[in-house]
Ligand SMILES: Nc1ncnc2c1ncn2[C@@H]1O[C@H](COP(=O)(O)OP(=O)(O)OP(=O)(O)O)[C@@H](O)[C@H]1O
Ligand SMILES: [Mg+2]
């Protein structure tokens, strides 16, 4: 199994670094251009949330292989304030007309699975997986 | 997917060769298939990119990069589109729920217009949205007929929920002979206790003594009723300084008596009948008086309907509030 790659998110530039790493990894694993764009978008949203709400944290990207299936796993980890209502943040929101963010509901759409663990005051860990040749 | 790609490539190259309207027509129909297959905008652009790549094998690298850029930015576009679709579905669910709620409200607040001897009563009550924030409650026994016209400040679901409570408050007061001031005092305490501070109710309560022809009334911040005295040929406003219900505990209300004679009539209404945001200067009460007088030969129900129709015309069918009017003719 491929080793994990980690990007520390401290400044906004690190969001770009995480995107770059994610795209390279996705290409390496064999995702097509469109899926590379999707995976990168998901990483971007997760990293931006760390930057905005937890200020520091990290993005871990890895190749996943289980039962003949290959995919990419992205884990966003921080020790920030935590998410108040996890179930709510995955629901589509009524946006103000000028909001153009994608947010966690979009991340959920872009990947095959999403798992959020969050403790108020302790931090947040969000793991998403996208499989090759699926969806 | 590969079949779709091949089809798309064929349609595209046909168009590039001949630029026919029919190619475009076929293309648009084809896109409908892609939508049905749930493809996202970035998928479609990718299909296009691949088709172009195959049609022109000498396409410059830079062109392909430009397509990749478009794919990247369209991911976002597609997400917004998906979210929009899911909100539409949610909206539809809410609409269905609202329909059910409106049906239940209609059952709960159903009013039958009573038919006491010597009085002719008519009513029109039309909600601006599905749920009505206005409510008319009648009670009637051998000696008394009473009527409450209420308006919750606010509209929609919160107003409707509050209204159910007002209805049960009125129901528990049970007796048509209760004093109007007493009714308002009791309701005020109920509402003040049980509804949040931003919710107020205006209410006009009238009780008619069928034997002595005395109409006793009291009002909690409600649109003044109109009383037409046919002997004097004059309209009076039935108005008091009573506070809206639900603001303070233990408010006292005054009540007043008038004697109704034959051909007198009363018009009870909510402010939806008189407040027109688009025509602030307009003397709506004056208009209603003139109109009512000119149609006072009609039945009470017909009078209500004519007033509603005329006001609707006047406002270009743009009435902006729950609209309730009750006419009582002696
Ligand atoms: N890592 C995190 N730590 C703490 N709170 C978070 C974290 N990620 C998200 N949140 C909370 O969840 C909410 C929803 O996040 P989401 O990314 O869906 O939307 P957003 O960031 O508010 O807007 P945008 O659509 O621009 O991303 C955020 O407003 C924030 O309160
Ligand atoms: Mg966000």
Exercise. Using Cα pairs under 8 angstrom and six or more residues apart, how large is the relative contact order of the stretch B:58-184, in percent?
Worked result: 18 percent
Problem set entry | chain A - percent relative contact order, Cα under 8 Å, separation 6 or more | 26 percent
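So between residue B:101 and residue B:279, what do we pick up on full extension, going 0.36 nm a residue minus the alpha carbon distance?
Details: separation 178, 0.36 × 178 = 64.08 nm, distance 3.24 nm.
Difference between extended and current length: 60.8 nm.
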For this session: Could you list A:23, A:38, B:207 in order of exposure, starting from the residue whose Cβ has the fewest other Cβ atoms within 10 Å?
Result: A:23, B:207, A:38
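Take the alpha-carbon positions of the protein assembly as shown, form their convex hull, and give its projected area averaged over all directions (one quarter of the hull surface) in nm². Before the final figure, lay out the partial values.
Values: hull surface 133.3 nm².
Over every viewing direction, the Cα hull of the protein assembly as shown projects on average to 33.3 nm².
With all distinct Cα pairs included, what does the Kirkwood hydrodynamic radius of chain B come out to in Å, to one decimal, could you say?
Details: mean 1/r = 0.0412 Å⁻¹.
Hydrodynamic radius (Kirkwood, Cα pairs) of chain B is 24.3 Å.
Based on the Cβ-Cβ distance of residue B:14 and residue B:37, what FRET efficiency does E = 1/(1 + (r/R0)^6) give at R0 = 22 Å, to the nearest 0.05? Walk me through the numbers before you get to the answer.
Values: r = 21 Å, r/R0 = 0.97.
For residue B:14 and residue B:37, the calculated efficiency is 0.55.
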For this session: Compute the acute angle (0 to 90°) between the alpha-carbon long axis of helix B:2-18 and the principal axis of greatest extent of the alpha-carbon atoms of chain B; round to the nearest 10°.
Result: 80 degrees
Exercise. With chain B treated as a Gaussian network of Cα nodes joined by springs under 10 Å, which of B:295, B:31, B:121 yields the largest mean-square fluctuation?
Worked result: B:31
Exercise. Mind checking the angle between helix B:300-314 and chain B's longest principal axis? C-alpha axes, 0 to 90 degrees, to the nearest 10.
Worked result: 40 degrees
Seminar exercise, completed: When B:46, B:237 are arranged by how many other beta-carbons sit within 10 Å of their Cβ, fewest first, they go B:237, B:46
For this session: Choose one answer from B:156, B:246, B:27: the residue with the largest mean-square fluctuation in a GNM of chain B with alpha-carbon springs under 10 Å.
Result: B:27
Problem set entry | Separation of alpha-carbon centers, the stretch B:202-246 and the stretch B:1-66, rounded to whole Å | 74 Å
Seminar exercise, completed: Calculated from DSSP helices alone, with each H run of at least 4 adding -39500 (n - 2.57) and the total divided by the residues of chain B, [θ]222 nm to the nearest 500 comes to -16000 deg cm²/dmol
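What FRET efficiency, computed as 1/(1 + (r/R0)^6) with R0 = 30 Å and r the Cβ-Cβ distance, is obtained for residue B:77 and residue B:5, rounded to the nearest 0.05? All intermediate terms of the calculation are to be shown ahead of the outcome.
Numbers: r = 21 Å, r/R0 = 0.70.
Efficiency, from the Cβ-Cβ distance: 0.90.
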Exercise. Please state the Cα pair-distance histogram of the stretch B:2-89 with 10 angstrom bins from zero: what percent is in each bin?
Worked result: 15, 42, 34, 8, 1
Problem set entry | Computed label-point distance, nm, for sites residue A:115 and residue B:21 using a 7 Å Cα→Cβ extension | 5.8 nm
Exercise. Say R0 is 51 Å: what FRET efficiency, to the nearest 0.05, do residue B:93 and residue B:233 get from their beta-carbon distance?
Worked result: 0.35
Problem set entry | Rough spin-label spacing in nm, given labels placed 7 Å along Cα→Cβ, for residue A:122 and residue B:164 | 4.0 nm
For this session: Return, ordered by residue number, the residues of the stretch B:117-133 whose backbone nitrogen is under 17 Å from a label point located 7 Å along Cα→Cβ of residue B:301.
Result: B:117-126
Exercise. Mind checking the angle between helix A:12-29 and chain A's longest principal axis? C-alpha axes, 0 to 90 degrees, to the nearest 10.
Worked result: 30 degrees
Seminar exercise, completed: Quick note on B:231, A:41, ordering by fewest other C-beta atoms within 10 Å, gives B:231, A:41
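Each value in this text was obtained by applying a stated rule to the coordinates, not by laboratory testing. Everything numeric in this text was worked out from a predicted model, so none of it was measured. Note that each Cβ is placed from the backbone with ideal geometry, even for glycine, and that neighbours are counted across all protein chains shown.
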